[in-house]
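So the structure is just underneath, and the comments pick up after that.
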Amino acid sequence: MGPLAINEIISENTNLFLAFIIGIGFGFVLEQSGFSSSRKLAGVFYGYDTVVLKVFFTAAITAMLGLLFFSLFGWIDLKLVYINPTYLTSAIVGGIIMGAGFIMGGYCPGTSFCGASIGKLDAFVFIGGLFIGVFIFGIGYNLWDGMYLAKFLGSPKISETLGLTDGVFAFLLIIMALAMFWVAEWAEKKFPREEY
Amino acid sequence: MVKSKETKKTKYLNPYLGGVLLGIVLLAANFVAGRGLGASGAIKSTVVTAMTTVAPSSAEKSGFVKEFRESHTGNPMKTWLVFEMLGVIVGGFLSGAFAGRLKFKVEHSPKITSRKRLLLALGGGVLFGFGSQLGRGCTSGSALSGMAVLSLGGFITMMAIFGTAYVLAYFFRKNWI
């Protein structure tokens with residue numbers, strides 16, 4: 001059955017229309033969870049507000065379990081689902097640069113659009129920065145394509161790399177997430193909060 | 001009619017419930033399109049369009065544009081992530097409207113000026129934009145969506161993003177606390 005677009009159950013235009021609908025859900029949930037506020041987002045790095053950690057890991061686990069169960073029920077063919085390829089060097093270096101951007105700017109790309117949609121001017125400026133950053137990467141591509149393409153490992157799953165089945169890895173990740181949620185609840189009590 | 005102050009400030013959703021809902025949205029994306037959510041991909045589409053429109057001859061020689069074309073056919077603006085991001089703007093606006101949070105403002109710690117906040121937002125945006133290209137996706141496309149499909153790279157990028165932000169948090173504390 002799924003993925004619907006790849007199995008040509010729905011047309012390309014229907015797929016794009018559903019992208020818009022799914023985007024509305026994405027933006028709505030982000031804003032409802034408080035991801036339109038940069039101070040709320042940055043709170044996770046200081047312990048005063050850990051909403052990012054809770055929403056992010058709950059979402060990853062929900063989707064991961066959903067995909068594993070959908071596959072078990074025969075509702076989706078996981079072989080047709082895109083698995084992000086792993087280029088080791090750029091995954092690390094890109095992540096480090098993004099992490100620096102996150103603590104400086106207080107947003108990530110998705111949340112900045114969410115913030116801008118309710119009128120946060122700092123989010124508009126952050127988005128301006130995003131375009132500049134992507135443009136710089138584009139015009140200087142030849143300077144860093146070596147790093148961009150280095151250490152290509154294919155599209156391995158982390159469960160394969162660790163020698164575990166998907167189910168066992170998922171179980172361990174859930175245990176880890178629960179431990180992190182416990183620490184997060186503790187941190188929010190320990191560090192003072194204010195309304196913003 | 002006078003509205004009380006309480007109605008102005010609507011509380012946010014419970015984070016665990018928000019997470020489950022976001023997970024269902026991500027699951028829906030995978031079920032419908034066979035791919036996860038994203039954000040920076042839509043910006044890349046826009047930048048590629050701008051480059052090929054403003055300077056077509058030099059853009060076609062650019063490795064960046066070539067690399068984009070290898071994975072996308074047709075109009076770069078007619079892609080899944082562009083439509084999804086248009087939805088994000090609508091969805092965020094609707095949520096803000098229902099919750100009474102629509103307001104033009106610069107959000108910053110009382111310890112810094114709006115001007116400093118905006119400069120840092122610009123710098124952060126430039127870094128995030130650049131990093132999202134190098135890392136083949138941002139927090140949504142690489143980290144969150146990658147983790148849902150158990151991508152090794154997704155987990156690595158997630159740890160690099162959050163690890164770096166934690167390491168640097170001390171130096172930027174005045175901007176937030």
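Read-outs: derived from the displayed coordinates by stated rules, not from any lab. Note that the coordinates shown come from a computational prediction; the quantities given were computed from them, not determined experimentally. Methodologically, a virtual Cβ is constructed for each residue, glycine included, from the backbone with ideal geometry; neighbour enumeration extends over all protein chains shown.
Among the listed pairs A:K120/B:K78; B:K66/B:K174; B:K44/B:K105, those with a Cα-Cα distance over 32 Å are B:K66/B:K174. For chain B, the relative contact order comes to 27 percent (Cα pairs under 8 Å, sequence separation of at least 6). The distance linking the stretch B:106-143 with the stretch A:133-178 is 22 Å (Cα centroid to Cα centroid, whole angstrom). Of interest is the spacing of the C-alpha centroids, which for the stretch A:60-101 and the stretch B:24-81 amounts to 19 Å.
Close amide H contacts of A:G34 (hydrogens built in the peptide plane, cut-off under 5 Å, sequence separation of 5 or more or a different chain): B:L13.
For peptide A:164-173, what's the mean number of Cβ atoms from other chains within 10 Å of each residue's Cβ? Write down the numbers at each step before the final one.
On the way: counts 0, 0, 1, 0, 0, 1, 1, 0, 0, 3.
Taking the mean over all residues of the peptide, I get 1.
Per-residue Karplus couplings for the stretch B:152-167, computed as 6.51 cos²θ - 1.76 cosθ + 1.60 with θ equal to phi - 60°, are listed in order as 4, x, x, 5, 5, 5, 4, 5, 5, 5, 5, x, 5, 4, 5, 4 Hz, Gly and Pro entered as x. Rounded, prolate or oblate: pick one for the stretch A:1-152, where a ≥ b ≥ c are the square roots of the eigenvalues of its C-alpha gyration tensor, a/c under 1.5 means rounded, and failing that, prolate if a/b is larger than b/c, else oblate. It is oblate, given that a/c is not under 1.5 and a/b is not larger than b/c. Averaged over peptide B:100-113, the number of partner chain Cβ atoms lying within 10 Å of each residue's Cβ comes to 4.
Using equal-weight Cα scatterers in the Debye expression, the normalised intensity of the protein assembly as shown in log10 at q = 0.07 Å⁻¹ is -0.28.
Cα gyration tensor of the stretch B:92-159, axes a ≥ b ≥ c as square roots of the eigenvalues: rounded (a/c below 1.5), prolate (a/b > b/c) or oblate? Walk me through the numbers on the way to the answer.
Numbers: a/c = 3.04, a/b = 1.52, b/c = 2.00.
The shape class here is oblate.
Peptide A:41-53 is shielded by partner chain Cβ atoms: per residue, an average of 4 of them sit within 10 Å of its Cβ.
About its Cα centre, how strong a charge dipole does the stretch A:82-196 have in debye, to the nearest 20, once Lys and Arg get +1 and Asp and Glu get -1 at the Cβ?
On the way: 6 positive and 8 negative charges, 19 e Å.
Taking the Cα centre of the stretch A:82-196 as origin, the dipole is about 100 debye.
Can you tell which of A:V51, A:V134, A:V125 shows the greatest fluctuation in a Gaussian network model of chain A with Cα springs below 10 Å? Sorting by GNM fluctuation, first place goes to A:V134.
Between amide H atoms placed 1.01 Å from N, distances below 5 Å from A:I76 occur with A:G2, A:S71, all of them 5 or more places distant or on a separate chain. Computed from Cα positions, the angle between helix B:15-33 and the longest principal axis of chain B comes to roughly 20 degrees.
Report the relative contact order of chain A, percent, no decimals, based on alpha-carbon pairs under 8 angstrom and at least 6 residues apart.
Result for chain A is 30 percent.
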